[in-house]
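Colleague: My structure is below; once you've seen it, I'll send some questions.
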Amino acid sequence: MRERIVIGNWKMNPPTIADAVELARNVANRMPGGVSVGVAPAAIALPAVADALRDANVDVYAQDVHWEERGAFTGQISVSMLRGLAVGTIVGHSEVRRDLGDTDERVAKKLARAVTAGLRPVLCVGESAAEHAAGNASIVVARQIMAAVKEAPRRGLERLVVAYEPIWAIGTGNPATGIWATTLTRAIRAALKQSGLDPEATPVLYGGSVSARSVGEFASAEGIDGALVGGASLDTEEFAAVVRAFA
Ligand code: PGA
């Protein structure tokens, strides 16, 4: 059976580093076993959260990383800066694509850099509302997958995690259905296979308005191995309920 993974993507929350530490401690105290649980705090909170979770069974992920090792890249974080703080990093989140201009090419470079540095990549893919309406979701997602894994060394990709996050479902309170997510996992796994990776060994998470209320749909959906949770991960009880659904 594939690993089950639930990761809380805290985005630009909670308001202070002290709040992030408190949230991390609450998460660590509430998590059931049987699921790999992770949190992805803002970069500035990584050291404090990593410290708070040092002896806990909760992994720390970065939300993003730069593709170069060092240099004149104002505002960016390198893989070496994450050493000892994070086991992995999200790459290709649609908000980074939207706000910071990430393209498939940049995502490929970031993925390659993360993998080379021994970080576990959580690759986000997903179609926009317009692409969805046009019936192009599977094509878009397959293209994103194939472009993203192109440059990364195959060996590091053995621990790849893919998060299917339809953009129209993120932060809208309007999640996809389990059936839809299953359909897209098939497109994702076909693209992984075409890229020379082992699709059956790769966990695929669903993300986009996952909550205690909506999670059942995805926990019972074929091919979905966990969730990438935004808003609901900021409430410990809500997040614990999502984790329990996959336990
Ligand atoms: P959401 O965000 O759960 O708030 O929709 C998910 C994500 O963007 O990872």
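Colleague: What do you reckon, how do Lys109, Lys11, Lys193 stack up by accessible area (1.4 Å probe), largest on top?
Modeller: The ranking, largest first, comes out as Lys193, Lys109, Lys11.
Colleague: Find which of Ala112, Asn9, Phe218 sits farthest along the positive direction of the dipole of the chain, computed with +1 on the beta-carbon of Lys and Arg, -1 on that of Asp and Glu, about the Cα centre.
Modeller: Going by the Cα projections, it comes out as Ala112.
Colleague: Please report how far the C-alpha centroid of region 1-55 lies from that of region 103-162, rounded to the nearest whole angstrom.
Modeller: 23
Colleague: Let me ask you something else. Mind checking the per residue accessible area of region 15-236 for me, 1.4 Å probe, whole number of Å²?
Modeller: On the way: 9840 Å² over 222 residues.
On a per-residue basis, region 15-236 sits at 44 Å².
Colleague: Could I ask something else about it? Of all the accessible heavy-atom surface of the chain, with the other protein chains kept in place and a 1.4 Å probe, what percent is carbon and sulfur? Please list the in-between numbers first.
Modeller: Numbers: 5580 of 11000 Å².
With neighbouring chains kept in place, the figure for the chain is 51 percent.
Colleague: For region 101-247, just run the numbers: alpha carbon Rg, then divide by 2.2 N^0.38 Å, N being how many residues it has.
Modeller: Scaled against compact globular proteins, the figure is 1.01.
Colleague: What base-10 log of the normalised intensity I(q)/I(0) is obtained for the chain from the Debye formula, alpha carbons as equal point scatterers, at q = 0.14, 0.15 Å⁻¹?
Modeller: -0.86, -1.00
Colleague: Given labels modelled 7 Å from the Cα in the Cβ direction, how far is it in nm from Thr116 to Thr16?
Modeller: Once both label points are built, they end up 4.0 nm from each other.
Colleague: Taking a probe of 1.4 angstrom, what is the accessible area of Glu165 in Å², to the nearest 10?
Modeller: Roughly 10 Å² of Glu165 is accessible to a 1.4 Å probe.
Colleague: To the nearest 20 Debye, how big is the dipole of the chain about its Cα centre, given +1 on the beta carbon of each Lys and Arg and -1 on that of each Asp and Glu?
Modeller: Its charge dipole is roughly 540 debye.
Colleague: Here's another thing I want to ask about it. DSSP loop GluC sites (Glu not before Pro) in region 27-119 with at most 12 other Cβ atoms within 10 Å of their Cβ, which ones?
Modeller: Glu69
Colleague: If each of Ser128 and Arg2 carries a label point 7 Å out from its Cα toward its Cβ, how far apart are those two points in nm?
Modeller: Reported label-point gap for Ser128 and Arg2 is 2.8 nm.
Colleague: Quick check on the chain: helices-only [θ] at 222 nm, where DSSP H runs of length 4 and up contribute -39,500 (n - 2.57) each and the sum goes over total residues. Nearest 500, please.
Modeller: -11000 deg cm²/dmol
Colleague: Give the accessible area for Thr172 in Å² (nearest 10); use a 1.4 Å probe, count only protein heavy atoms, and leave out ligands, DNA and RNA.
Modeller: For Thr172, the solvent-accessible surface is approximately 80 Å².
Colleague: Write down Rg/Rh for region 45-92, rounded to two decimals, with Rg from the C-alpha atoms and Rh from the Kirkwood relation over Cα pairs. Walk me through the numbers on the way to the answer.
Modeller: Details: Rg = 11.4 Å, Rh = 11.4 Å.
That ratio is 1.00, to two decimals.
Colleague: Please compute the contact order of region 15-236 in relative form: average sequence separation of alpha-carbon pairs under 8 Å and at least six residues apart, divided by the residue count, as a percent.
Modeller: 15
Colleague: Along the principal axes of its C-alpha atoms, what lengths does region 68-131 span, in descending order and rounded to whole Å?
Modeller: Each principal axis gives a Cα extent; for region 68-131 these are 40, 25, 18 Å.
Colleague: Tell me, what ³J(HN,Hα) does each residue in region 186-191 have, in order and in whole Hz, if you take phi through Karplus 6.51 cos²θ - 1.76 cosθ + 1.60 with θ = phi - 60° and put x for Gly and Pro?
Modeller: Result, ordered by residue: 5, 5, 5, 5, 5, 5 Hz.
Colleague: Among Val39, Tyr206, Val125, whose Cα sits farthest toward the positive end of the charge dipole of region 15-236 (+1 at Cβ of Lys/Arg, -1 at Cβ of Asp/Glu, about the Cα centre)?
Modeller: Farthest along the dipole direction, towards plus: Val125.
Colleague: Here's something else I'd like to know. At a 1.4 Å probe radius, which order do Arg106, Arg189, Arg143 fall into by accessible area, largest first? Spell out each step's value before the answer.
Modeller: Details: Arg106 75, Arg189 25, Arg143 120 Å².
Putting Arg106, Arg189, Arg143 in descending order of accessible area: Arg143, Arg106, Arg189.
Colleague: Put +1 on the Cβ of every Lys and Arg and -1 on every Asp and Glu Cβ in region 15-236; which of Ser78, Ala52, Ile179 then has its Cα farthest towards the positive end of the dipole?
Modeller: Sorting the options by dipole projection puts first Ser78.
Colleague: For labels at Ala72 and Ile139 in the simple 7 Å Cα→Cβ model, what's the distance in nm?
Modeller: Calculated label separation equals 4.1 nm.
The values are calculated or read from the model by the stated rules, or taken from the named source; none is laboratory data. Just so you know, these numbers come straight off a predicted model, no measurement behind them. Note that each Cβ is placed from the backbone with ideal geometry, even for glycine, and that neighbours are counted across all protein chains shown. Surface accessibility is based on the protein's heavy atoms, side chains included, excluding ligands, DNA and RNA. Shrake-Rupley method; radii C 1.70, N 1.55, O 1.52, S 1.80 Å.
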